[in-house]
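Below is one structure, written out as structure tokens; the observations come after it.
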Amino acid sequence: MAMIFKLSEELLFPPPVLARDDGLLAVGGDLSVERLLLAYSLGIFPWYSAGDPLLWWAPDPRLVLVPAGFHCSRRLARTRRQGKFRVTFDQDFAGVVKGCAAPRSDQEGTWIVPEMAAAYSRLHAEGWAHSVECWQGEKLVGGLYGVSLGGFFFGESMFSTVADSSKVALAALVALLTAWDFDLIDCQMKTPHLVRLGAVEINGLDFSQRLQASLQKKNRRGSWSGAH
């Protein structure tokens, strides 16, 4: 089992290859925009619960979704064609984060603590974090948010209060990222739901190499509110 590092002002991050078997890499630090951007550029993300110290993760293997590999079922394709939902980008970032942080029947508590919500709101204000909203009328019923760097979209969380709304949001994101020639959506850790949608696991070295190559692409920084 690898050593877990305690972050300091001098050491932003240890090398990701030193992550523990479960992906835990480091403890401490802060959620400044600078540190978060550095973390994502190295394939590292924060994830912790209320009352815990700030924990940083770099799991191996890593769950990713290649846009071309997204599985759009017949039911989902039909739902999109029917226009049951209206999809927007960067119209209600705070609302999406709030929806993702809401209690769920299959979970105890939430990892989107107020400090995390505030940190990603700062990233959004500076054009690095983005949301996809799914609406019925004027009601936000699903969506997702994440961070964009180069040709990578780092998915953070998604929520749904109406069946298929988060899937429709993801399908819209995949379509946009395909048009923009993005390479990967980082899904972080394996879940059956994401696997059914086409996500696959790759090893940490492959993930790191793809990430570093993809970071050479231009950043899609700024509001995506005009995207379709």
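Where a number appears in this text, it was derived from the coordinates with a stated rule and is not lab data. Because the structure is predicted, anything quoted here is derived from the model rather than measured. We place every Cβ from the backbone using ideal geometry, glycine too, and count neighbours over all the protein chains shown.
Observations on the structure shown:
- 24 Å Cα-Cα threshold exceeded, pairs from LYS167/LYS190; LYS98/LYS139; LYS84/LYS139; LYS84/LYS218; LYS139/LYS167; LYS190/LYS218: LYS84/LYS218; LYS190/LYS218
- Exposed loop sites were defined as GluC sites (Glu not before Pro) in DSSP loop states (anything but H, G, I, E or B) carrying at most 15 other C-beta atoms within 10 Å; in the chain the longest segment without such a site runs 11-107.
- Segment 170-213: chymotrypsin sites (Phe, Trp or Tyr not before Pro) in DSSP loop, at most 11 other beta carbons within 10 Å: none
- Among GLY155, ALA77, ALA213 the positive-end extreme of the charge dipole of segment 63-214 (Cβ point charges): ALA77
- Counted charge near ILE202, where neighbours are those whose Cβ lies closer than 13 Å (Asp, Glu -1; Lys, Arg +1): -2
- Contact order normalised by residue count of segment 63-214, Cα under 8 Å, 6+ apart, percent: 33
- Distances between placed amide hydrogens fall under 5 Å for MET189 paired with LEU63, all partners being 5 or more residues away or on another chain.
- When the trypsin sites (Lys or Arg not before Pro) in segment 22-122 are filtered for DSSP coil states and for at most 16 other beta-carbon atoms within 10 Å of their beta-carbon, the remaining sites are LYS84, ARG104.
- Separation in nanometres of the label points that stand 7 Å from Cα toward Cβ, at SER41 and GLN82: 4.6
- Over the chain, dividing the summed -39,500 (n - 2.57) contributions of all DSSP H runs of at least 4 residues by the number of residues returns a 222 nm mean residue ellipticity of -9000 deg cm²/dmol.
- Computed from the C-beta positions of GLU34 and HIS193 and an R0 of 25 Å, the FRET efficiency is 0.15 to the nearest 0.05.
- With a simple spin-label model that places each label point 7 Å from the Cα along the Cα-to-Cβ direction, the separation between GLN209 and ALA163 comes to 4.3 nm.
- Annotation for segment 191-228: trypsin sites (Lys or Arg not before Pro) lying in DSSP loop with at most 14 further Cβ atoms inside 10 Å of their Cβ are LYS218, ARG221.
- Solvent-free Debye scattering, log10 I(q)/I(0), computed from the Cα coordinates of the chain at q = 0.11, 0.12, 0.18 Å⁻¹: -0.53, -0.63, -1.50
- 5 angstrom amide H check on GLN91, placed H, neighbours 5+ away: GLU133
- If you run the Gaussian network model on the chain, springs between alpha carbon atoms under 10 Å, then out of GLY155, GLY51, GLY143 the most flexible one is GLY51.
- Between the alpha-carbon centres of segment 133-158 and segment 167-228 there is a gap of 12 Å.
- Shape category assigned to segment 73-200 from the gyration tensor of Cα positions, a/c cut at 1.5: rounded
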